[in-house]
Amino acid sequence: MSTCPYHKISEEFKPFDLTNPFPFYKKSRDEQPVFYSQELGYYVVTRYEDIKAVFSNWKTYTSENAQSPFKPIAPKAKKLMEDQGMIGLSGLSGRIPPDHTRIRRIVSMAFNLSRFKKLEPGIRALAIEMIEKFENEGHAEIVKQLAYDLPALVIFMLLGVPNEDVQQVKSWAESRLLITWGDLTEEEQLVHAQNMVRYWEYCQNLVALRKENPTDDLPGDLVRLQAEGHEISDREIAAICYSQLFAGHETTTSLMGNGIRELLLHPESWNAICENPSLIPNAIEEILRFSPSIVSWRRKALEDSEIGGVTIPAGSNLLLVMGSANRDEANFENGETFDIQRPNAKEHLSFGYGIHFCLGSSLAKLEFKIVLEELTRKIPHLTIKENQVFQFALNTSFRAPVALEVEW
């Protein structure tokens, strides 16, 4: 058992550079699957079974730090957020039982497959409309012209947010990503903190409006359930909206960008789903395994423990690297190979595991399935533009190309 918090491999770890972290992940799995990152002040966990075990044990490894900023918030930015009651704000991912159990049970009554299915015709209409705008152009930038707006329009449909607010809320959501998972200067933090305050005020207003005029959407359902006697506060409903307006589209945008990129980088896979659309659902699972939207998530040890032979003192922060676990050859044969017919692709950890498994996973997969069905039907000869240099936002967890140029 190792008791030293220093591990040499951490010198090679670049936590904010997600351009191509997978060779390092493999090296870590092979040589030091649990190591301490001095830069982050976190123990980094890279093997499948270790990460699954941590996700499964919420009593020892709490999620209370899941949405805490990696870098200390500058005093001015922190005061601004504290004055609005935003420090420690979380929908579900940062909560623990019994609050997590209570709120998730109520949210599950509204945020479920039957409501998602109601959205399917609207999602397909949106996908067709957006693809038709560029299908005769011979080229497109897929992130900007399809993947960026469509998931936002869908989650806003679910939350009852008008289309004209899309760009504004997307901008606020990006601020949340950067201030929580990014590496910002004090000046940058203040700008993004101001955006987050506006974002939080917007979510609180969503709830207030439903109190005045009931609606058939997620916040409307939660307000109705509250009125029927279910124990959920206005602040908790607003926090769910705050969380979903971010997680419900940012990660799906990333899924589409990553997924279309991987399929086109592996043209035999793209051609296979064009010829046989029934392969699309498993192709999506393989994309989630091979190139996940979220490559890492966090936990905090509440007591002394051991992971992969390394002593984890109580109070330690953990970075669980699902992007590494998903390629662990102990669980996925030829894990570094992209295979859309992989029989156990669904075993990936990209939506988490255990009590915090992502509630919106079915919606994200439904959206991308519809997009791939329509894209392969309308533009089957899609290819990736050659000599592209792919850029990825600097942060620890959310990985997707900033732009994706295609042609046909």
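Where a number appears in this text, it was derived from the coordinates with a stated rule and is not lab data. Everything numeric in this text was worked out from a predicted model, so none of it was measured. Don't worry about glycine lacking a Cβ; one is built from the backbone with ideal geometry, like all the others, and counts go over all protein chains shown.
Helices from the chain with mean Kyte-Doolittle at least -1.0 and a Cα length along the axis of 24 Å or more, per DSSP H: which?
Counting only whole DSSP H runs, the qualifying helices are 113-132, 186-212, 234-265, 361-378.
Taking Cα centroids, how far is segment 228-295 from segment 3-67 in Å?
Between the Cα centre of segment 228-295 and that of segment 3-67, the gap is 23 Å.
Report the extension gain between LEU209 and LYS144 in nm, rounded to one decimal, defined as 0.36 nm multiplied by the number of residues separating them, less their alpha carbon distance.
Fully extending the segment from LEU209 to LYS144 adds 20.3 nm.
What FRET efficiency comes out for the pair GLU188/LYS8, r = Cβ-Cβ distance, R0 = 41 Å, nearest 0.05?
It comes out at approximately 0.80.
Quick check for you: which residues of segment 269-298 have the amide N under 17 Å from the point 7 Å beyond the Cα of GLN341 toward its beta carbon?
What the label zone holds, given the 17 Å backbone N cut-off, is 269-287.
Can you give the local net charge around VAL54? Use residues other than it whose beta-carbon is closer than 11 angstrom to its beta-carbon, Lys and Arg +1, Asp and Glu -1.
Surrounding charge for VAL54 is +3.
Modelling each spin label as a point 7 Å along the Cα-to-Cβ direction, I'd like the TRP408/LYS117 distance in nm, to one decimal.
Each label point lies 7 Å from its Cα, and together they span 3.0 nm.
Can you list residues from other chains, or at least 5 along the same chain, whose modelled amide H is less than 5 Å from the amide H of ASN65?
Residues meeting the criterion, in which the H sits 1.01 Å from N, are LYS300.
Calculate the FRET efficiency for ASN20 and GLU228 from the Cβ-Cβ distance with a Förster distance of 60 Å, rounded to the nearest 0.05.
0.75
What does the charge count around THR311 come to, taking other residues whose C-beta lies under 14 Å from its C-beta (Lys +1, Arg +1, Asp -1, Glu -1)?
Charge balance in the 14 Å sphere: -4.
Scan around TYR42 for amide H atoms under 5 Å from its own, H built in the peptide plane at 1.01 Å from N, and keep only partners 5 or more places away or cross-chain.
For TYR42, whose amide H was placed from the backbone, the distant partners under 5 Å are SER37.
Quick one: which of LYS78/LYS365; LYS133/LYS170; LYS27/LYS385; LYS144/LYS369 span more than 26 angstrom between C-alpha atoms?
Among LYS78/LYS365; LYS133/LYS170; LYS27/LYS385; LYS144/LYS369, the Cα-Cα distance tops 26 Å for LYS78/LYS365; LYS27/LYS385.
If packing is taken as the average count of other Cβ atoms within 10 Å, what order do 8-15, 259-266, 226-233, 156-163 fall into, highest mean first?
Peptide ranking by packing, descending: 259-266, 156-163, 8-15, 226-233.
Hey, what do the phi angles of segment 333-338 turn into as Karplus ³J(HN,Hα) couplings, whole Hz, using 6.51/-1.76/1.60 and θ = phi - 60°, x for Gly and Pro?
Couplings: 4, 6, x, 8, 9, 7 Hz.
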